[in-house]
Amino acid sequence: MLSPTPPNKLALSTLISGLRAAGEDTRLRILALLDEGELTVTDLTDILGQSQPRVSRHLKLMAEAGLIERAREGAWAFFCIADRDGIGQLARALIDRIDPQDSIIAMDRERLQAVRAQRAEAAQMFFSRHAAEWDRIRSLHAPEAVVEAAIRAIIGDKPIGSVLDLGTGTGRMISLFGRLAVRIVGIDASHAMLAVARANLERDGIKGVELRQGDIYALPVDRNAFDLVLVHQVLHFLDDPARAIREAAQTLIPGGRMIVVDFAPHDLEFLRETQAHRRLGFSSSQMREWLEEAGLEVTGHQDIAPPQSGGAQLTVSVFVAKDPRIQMV
């Protein structure tokens with residue numbers, strides 16, 4: 001029986017295919033740009049000054065060779081360097097050999113900054129239209145810095161292999177913990193919110209993040225793939241939170257952890273009407289039951305009460321659960 005190909009090694013045919021796909025000046029420029037973050041065909045057309053059919057052809061060839069990946073987001077498609085394993089490593093190895101001071105590469109990066117500035121402006125306009133609504137919600141519970149400090153204490157400061165952020169919203173959780181992770185994926189159902197997240201992460205210098213538009217009940221990621229899953233202020237928008245927890249639990253590796261942050265039970269009915277909240281918080285017993293039904297072991301629970309002044313009325317609950325399977329080394 002033939003022995004499997006060793007890790008980080010490529011079959012000769014795969015290597016040749018990848019080198020052929022990358023061996024053209026525009027394609028190398030595209031790879032260098034995608035190393036900075038996900039881009040659309042329109043982004044690349046604007047930066048490279050080439051026609052959309054030509055850019056699309058280059059992308060198609062590299063995608064077929066496995067150098068890059070394509071993710072559909074509504075009517076848009078975002079491209080990124082393929083996963084760090086296998087052929088994706090070849091793409092990154094080629095990028096590492098490009099002189100960052102090369103005049104063509106430097107000019108491409110200047111145009112990339114202009115494209116990002118346009119993105120940031122559009123995202124800010126969206127955020128400004130909704131800022132008053134979000135500020136009202138923030139005023140009802142403990143300061144976000146307090147909640148984030150509690151999450152940080154749970155996660156710690158050691159490197160994390162892979163992180164999945166569900167309902168990524170503005171990308172705040174990724175901004176906080178993205179630098180700890182080797183791989184981080186953010187999922188959100190809203191294209192508009194993903195645009196905000198991209199602008200914020202670019203501003204914060206967080207690279208290599210995979211942002212995907214997707215259904216929280218049918219996550220577009222592999223099973224048994226993530227060391228940490230974050231479910232931050234998402235469940236109260238859902239009709240079936242238990243189903244979302246079960247789906248999220250399937251993505252954990254053996255021994256992986258899930259952190260769920262949401263509101264404790266409350267009676268602020270106006271949140272249903274003005275903020276589309278489906279559920280008015282969750283009791284500790286209910287959340288524990290859902291996590292255990294998903295096959296997880298609850299290892300921690302903390303309630304963060306609102307300040308005594310200012311009329312705040314929402315308590316934030318933080319739950320930590322672990323996949324009880326033992327990871328085999």
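All of the numbers you see were taken from the coordinates with simple rules; none came from a lab. All values reported here derive from a predicted model rather than from experimental measurement. Ideal geometry is used to build each Cβ from the backbone, glycine not excepted, and the neighbour counts take in all protein chains shown.
About its Cα centre, the chain has a charge dipole of approximately 620 debye under the convention of +1 per Lys or Arg Cβ and -1 per Asp or Glu Cβ, with nothing else charged. Can you give the Rg/Rh ratio of the range 19-60, where Rg is from the C-alpha atoms and Rh is the Kirkwood radius? Reported Rg/Rh, Kirkwood definition of Rh: 0.92. Relative to the longest principal axis of the Cα atoms of the chain, the long axis of helix 12-22 lies at roughly 90 degrees.
Scaling the Cα radius of gyration of the chain by the globular reference 2.2 N^0.38 Å produces a ratio of 1.09. What the Cβ-Cβ distance of Arg92 and Glu144 gives, at R0 = 35 Å and to the nearest 0.05, is a FRET efficiency of 0.50. At an R0 of 35 angstrom, the distance between the Cβ atoms of Ser103 and Asp215 translates into a FRET efficiency of 0.20.
Defining a contact as two alpha carbons under 8 Å apart and six or more residues distant in sequence, what relative contact order in percent does the range 12-112 show? It would help to have the intermediate numbers written out before the result.
Details: 107 pairs, mean separation 33.4, N = 101.
Relative contact order here is 33 percent.
For the chain, the longest principal axis of the Cα atoms and the long axis of helix 103-138 meet at an angle of about 10 degrees. Working from label points 7 Å from Cα in the Cα-to-Cβ sense, the Gln113 to Ser284 distance is 5.2 nm.
Over the range 174-280, Cα pairs under 8 Å with separation of 6+ residues give a relative contact order of 24 percent.
Can you give the local net charge around Ile47? Use residues other than it whose beta-carbon is closer than 11 angstrom to its beta-carbon, Lys and Arg +1, Asp and Glu -1.
Working: positive: Arg29, Arg109, Arg111, Arg116; negative: Glu36, Asp43, Asp46, Asp108, Glu110.
Value of the local net charge: -1.
Against the chain, whose longest principal axis comes from its Cα atoms, helix 284-293 is set at around 40 degrees. Working note: Debye formula, equal point scatterers on the alpha-carbon atoms of the range 12-112, no solvent; log10 I(q)/I(0) at q = 0.09, 0.20, 0.25 Å⁻¹ is -0.19, -0.99, -1.50.
Once every DSSP H run of n ≥ 4 in the chain is given -39500 (n - 2.57) and the sum is divided by its residues, what mean residue ellipticity at 222 nm do you get, rounded to the nearest 500 deg cm²/dmol? Each step should come with its number before you reach the end.
Numbers: 12 runs with 145 residues, N = 329.
Theoretical 222 nm ellipticity from helices: -13500 deg cm²/dmol.
Taking a straight line from the alpha carbon of Lys207, these aspartates and glutamates sit under 12 Å away, with near neighbours fewer than eight places off in the same chain left out: Asp35, Glu36, Glu38. Mean separation of Cα pairs under 8 Å and 6 or more residues apart, divided by the residue count, gives the chain a relative contact order of 14 percent. Each Lys or Arg adds one and each Asp or Glu takes one away; over the other residues whose Cβ falls under 10 Å from the Cβ of Leu252, this sums to +2.
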